[in-house]
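Below is one structure, written out as structure tokens; the observations come after it.
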Number of protein chains: 2
Amino acid sequence: MNIPSSPYKRIVIIGGGFAGISIAKKLRNKKYQVVLLDKHNYHTFQPLLYQVATGGLEPDSIAYPIRKVIQEYDNFYFRLADVKEIDAKQNLILSDIGDLHYDYLIIATGTKTNYFGNKEIERNSMSMKTIPQSLNLRSYILENFEQALLADDEIERENLMNFVLVGGGPTGVELAGALAEMKKAILPKDYPDLNIDKMQINLIQSGDRILNTMTEKSSEASEKFLKSLGVSIYKNVRVTGYDGHVVTTNGNLSFNTSTVIWTAGVQGKLISGLNKDAIFERIDRIKVDEFNKVKGYENIFAIGDIAIMETEKYPQGHPQMAQVAIQQGVLLAENLIKLRKNEPLKPFEYNDKGSMATIGRNKAVVDLPKYHFNGVFAWFVWMFVHLISLIGFKNKAVVFLNWVYNYIRFDREARLIIRPYKRKAMQQSFTTDEI
Amino acid sequence: MNIPSSPYKRIVIIGGGFAGISIAKKLRNKKYQVVLLDKHNYHTFQPLLYQVATGGLEPDSIAYPIRKVIQEYDNFYFRLADVKEIDAKQNLILSDIGDLHYDYLIIATGTKTNYFGNKEIERNSMSMKTIPQSLNLRSYILENFEQALLADDEIERENLMNFVLVGGGPTGVELAGALAEMKKAILPKDYPDLNIDKMQINLIQSGDRILNTMTEKSSEASEKFLKSLGVSIYKNVRVTGYDGHVVTTNGNLSFNTSTVIWTAGVQGKLISGLNKDAIFERIDRIKVDEFNKVKGYENIFAIGDIAIMETEKYPQGHPQMAQVAIQQGVLLAENLIKLRKNEPLKPFEYNDKGSMATIGRNKAVVDLPKYHFNGVFAWFVWMFVHLISLIGFKNKAVVFLNWVYNYIRFDREARLIIRPYKRKAMQQSFTTDEI
């Protein structure tokens, strides 16, 4: 892989998400050689992908070149690589651009959409975990309306304007809210010859409340907000199939629709080669101890969404959130430095700073450790926190400018169909998270 | 095509570029039914495509949703359509979404890259006439450097860092300048383990000066600017072939390179069905009279880059520039209104407001009808004119913000490889202008 040799030990990090970037930053000039690998040359700020998909933001403003993060770090290398396998016996990773020896391996590959083995749903529905997928989704949503104009009968037209979102987590809720705002403010003006009142947004949740990782108060508030925007919410309903036309469920409910957006679950992006004992099956997460060390290995670590650390306080692992990933990345960097100095390691303890979700204009829910609130103030808090969390001054400024503009003008201008694939081809590209 | 019937006559406009948008705007609520067709749902500000390709701007900020332009226009319809044929006898156009009858047809399809029949060059080189092509080019440029890191021998590495631009018009000159600035300010920081000094930018021009539609003074100045940025300029050289590895020319010169960017010519995007007499062959432009009426037809017009109007002052037609397209669009709208009132039509006369090109930071050339100047002031004029010409307040603001940031920070942050296709597939998608 053309990485020069070094007197220092080599740390290889796979993945430039929140976890990978946070450990990389902390390992700057720390007497380790660090190699960061990712399939993309940019870091994605995933919490705002839904705004790219719904025309509120440009993709470039929520992404950041990884090479720019590590500019001027000594003994630090980035390579655009797809890691195919881990050969733990020989301390090697195998990738599409060659092999690489590691002294310490950090797996921070994150997650992809989980269809729980249902190939039919995987083939016919869309997901939104990467920037290309969000752009595809944006094109797909808009192409539905372009097609609806051409539809010969009312039923076909209504199917094209019926959106079914499966999964009532933050992604599903935020997408549903954004679609509802498009329905209200933008689509009637863009498509005066369509009856946009016929557009339906259906949110299906398998559990008994949406946003079920937040407080009940927040769940109720978000439900109220969504309903006020005209979103139909179905709880305790499990989607069992979707053939591209009809969504079937475990009950009597069914939906005729051209668009299913699947946000009902995630699974780790595993790399083959690890022992079976180290893998939590079905969700493909990697079992780690309190130091994020992978079960059964001495020099392999996993951090962020792909890691599952079962603790007393979190018997089913920590929530799969940016905060956990960042904190694990920071701590592991500190522990690796301690390791070099033969100092005792510090176990991970999650500092829960709270969570939040936005539903729309002036509508958000915020759970802080001690306070729970919603509405206009929550919405400003949500915007502020997301704005300062973006990497780079220019991204912050451009996103801020877009938000101010969108707020004042009730508009979302980034509604270009920029990846105008044939619907079928597009659907296929959606089902792989490899894009 | 599901367009309602109307008591007014129907004008069908094909193409939403400068010409198509300018006539559309002028035809607002003018007792005509207007149908605007385009393969994209957005208008592209082509003069800034090179900044998208070189990471200076995001694609969304130089594009604008066509539906937003015509929002609230009465009796005005946009359809996303690819027009395949004109059936002039029946006053019909045939498209991928069905047929449509017209009373007046306006062809404003613009141009695509002209390879002058050289299929080998078409297959192996890149062009930059659309937003997707610019994004592909951006990815391709950056992928060259990622690959150079992996190259085993020096020759391969240098080929990957050798850029050959064919064509010394504004596009070639502006791209060469932008690449040179990337070489200076960004690439050495992004790729500290590559010797960026080895990067070459070669600009090949078949004529005896670059920017040969501008004044000699501007040609000389731009040449000086490019040379000061390290660009090698070859004049009176004609590229005869490129097999993906070696560029051959009509002289002794040859170049080993992985990247040829072809900006050496354009040809009209013709739609089949017009009489042969109406077509100017080789460059595929449509012959029009002084009212932009297509030769041999009474109700078909062509405007903008695809039209060729041979006049006393412009015996070989007007320059293919935004200004001509806009002025022809505006005049034709007025003439169509006159036609309805049975008033005499006004012939087209081009009001030459001048032309300009930018080479880099503080470096531009401006030809006004009476004044020619270059340097810092020209550069500010260039920026100002392009900024005010962008459609939409938000685009103006975002582009301005990006330029200020890039200027202060010597940076171009939009360097994401967002369409990471396999090189081969990418090259192929490049050669079709249909993307």
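Details
- Any chance A:Leu203 is touching a strand residue (DSSP E or B) at 6+ places or on another chain (Cβ under 9 Å), more than 21 Å from B:Leu80 (Cα to Cα) and touching a residue at least 40 places away in the same chain (Cβ under 8 Å): no
- Hey, A:Tyr314 of a type in the set (Ser, Thr, Tyr) and touching a residue at least 40 places away in the same chain (Cβ under 8 Å) or not: no
- Any hit, the range A:292-300, residues being more than 14 Å from chain B (Cβ to nearest Cβ) and within 30 Å of A:Lys217 (Cα to Cα): no
- Output for the range B:1-22, where each listed residue is within 17 Å of B:Ile337 (Cβ to Cβ) and in a strand (DSSP E or B): B:Lys9, B:Arg10, B:Ile11, B:Val12, B:Ile13
- On inspection, A:Ile131 qualifies as over 19 Å from A:Trp382 (Cβ atoms), modelled with pLDDT under 95, within 12 Å of another protein chain (Cβ to nearest Cβ) and in contact with a strand residue (DSSP E or B) (Cβ under 6 Å, 6 or more places away or on another chain).
- Residue match in the range A:309-322 (condition: within 19 Å of A:Ile93 (Cβ to Cβ) and within 17 Å of the chain's Cα centre (by Cα)): no
- Any hit, the range B:320-327, residues being in contact with a Gly (Cβ under 7 Å, 6 or more places away or on another chain), buried (at least 17 other Cβ atoms within 10 Å of the Cβ), of a type in the set (S, T, N, Q) and assigned by TED's automatic domain parsing to the domain that holds B:Glu290: no
- B:Leu105 vs. criteria closer than 17 Å to B:Gln33 by Cβ, more than 28 Å from the chain's Cα centre (by Cα) and buried (at least 16 other Cβ atoms within 10 Å of the Cβ): no
- Selection count, the range A:86-107, where residues are of a type in the set (Ser, Thr, Tyr) and assigned to a strand (DSSP E or B): 2
- For the range A:200-209, the criterion of a residue being in contact with a Ser or Thr (Cβ under 9 Å, 6 or more places away or on another chain), crowded, with 20+ Cβ neighbours inside 10 Å and within 30 Å of A:Ala307 (Cα to Cα) is satisfied by at least one position.
Conditions tested, residue by residue: (1) over 17 Å from B:Glu174 (Cβ atoms); (2) in a loop (DSSP other than H, G, I, E, B).
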| site | (1), (2) |
| --- | --- |
| B:Gly207 | yes, yes |
| B:Asn212 | no, yes |
| B:Ser222 | no, no |
| B:Leu226 | no, no |
| B:Val247 | yes, no |
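- Scanning the range B:153-184 for residues that are surrounded by fewer than 20 Cβ atoms within 10 Å (Cβ to Cβ) and acidic (Asp, Glu) yields B:Asp153, B:Glu154, B:Glu156, B:Glu158.
- Among the residues making up the range A:156-174, those that are more than 14 Å from every other protein chain (Cβ to nearest Cβ) and among the aliphatic types (A, V, I, L, M) are A:Met161, A:Val164, A:Leu165, A:Val166, A:Val173.
- Out of B:Val231, B:Val288, sole residue that is modelled with pLDDT of 95 or more and closer than 25 Å to B:Asn136 by Cβ: B:Val231
- Counting only strands (runs of 3 or more DSSP E) that fall entirely inside the range A:250-310 and contain at least 2 residues that are more than 29 Å from A:Val237 (Cβ to Cβ) and touching a residue at least 60 places away in the same chain (Cβ under 8 Å), the qualifying elements are A:300-302.
- Close contacts from the range A:141-155, counting a first residue that is at the interface with chain B (Cβ under 10 Å from one of its Cβ atoms) and free of Cβ contacts under 8 Å to residues at least 24 places away in the same chain and a second that is among the charged types (D, E, K, R) and surrounded by fewer than 22 Cβ atoms within 10 Å (Cβ to Cβ), with Cβ to Cβ under 6 Å and a gap of 6+ residues or different chains, come to A:Ala151/A:Arg157.
- Considering the range B:175-201, and only residues there that are away from every other protein chain (no Cβ under 12 Å), among the charged types (D, E, K, R) and out of contact with any Leu (no Cβ under 9 Å at 6 or more places or on another chain), the residue that is farthest from B:Val246 (Cα to Cα) turns out to be B:Asp197.
- Within the range B:86-109, tally of residues that are touching a residue at least 24 places away in the same chain (Cβ under 8 Å), within 14 Å of chain A (Cβ to nearest Cβ) and out of contact with any Leu (no Cβ under 6 Å at 6 or more places or on another chain): 3
- Just one of (1) crowded, with 21+ Cβ neighbours inside 10 Å; (2) touching a strand residue (DSSP E or B) at 6+ places or on another chain (Cβ under 8 Å); (3) over 30 Å from B:Tyr371 (Cα atoms) fails for B:Leu187. It is (2).
- Pairs, first at the interface with chain A (Cβ under 9 Å from one of its Cβ atoms) in the range B:397-411, second surrounded by 18 or more Cβ atoms within 10 Å (Cβ to Cβ) and of a type in the set (Val, Ile, Thr), C-beta under 7 Å, six or more apart: B:Val398/A:Val398; B:Leu401/A:Val398; B:Asp411/B:Ile186
The values are calculated or read from the model by the stated rules, or taken from the named source; none is laboratory data. None of the values given here were measured: they were computed from a predicted structure. Backbone-built Cβ (ideal geometry, glycine too); neighbour counts: all protein chains shown.
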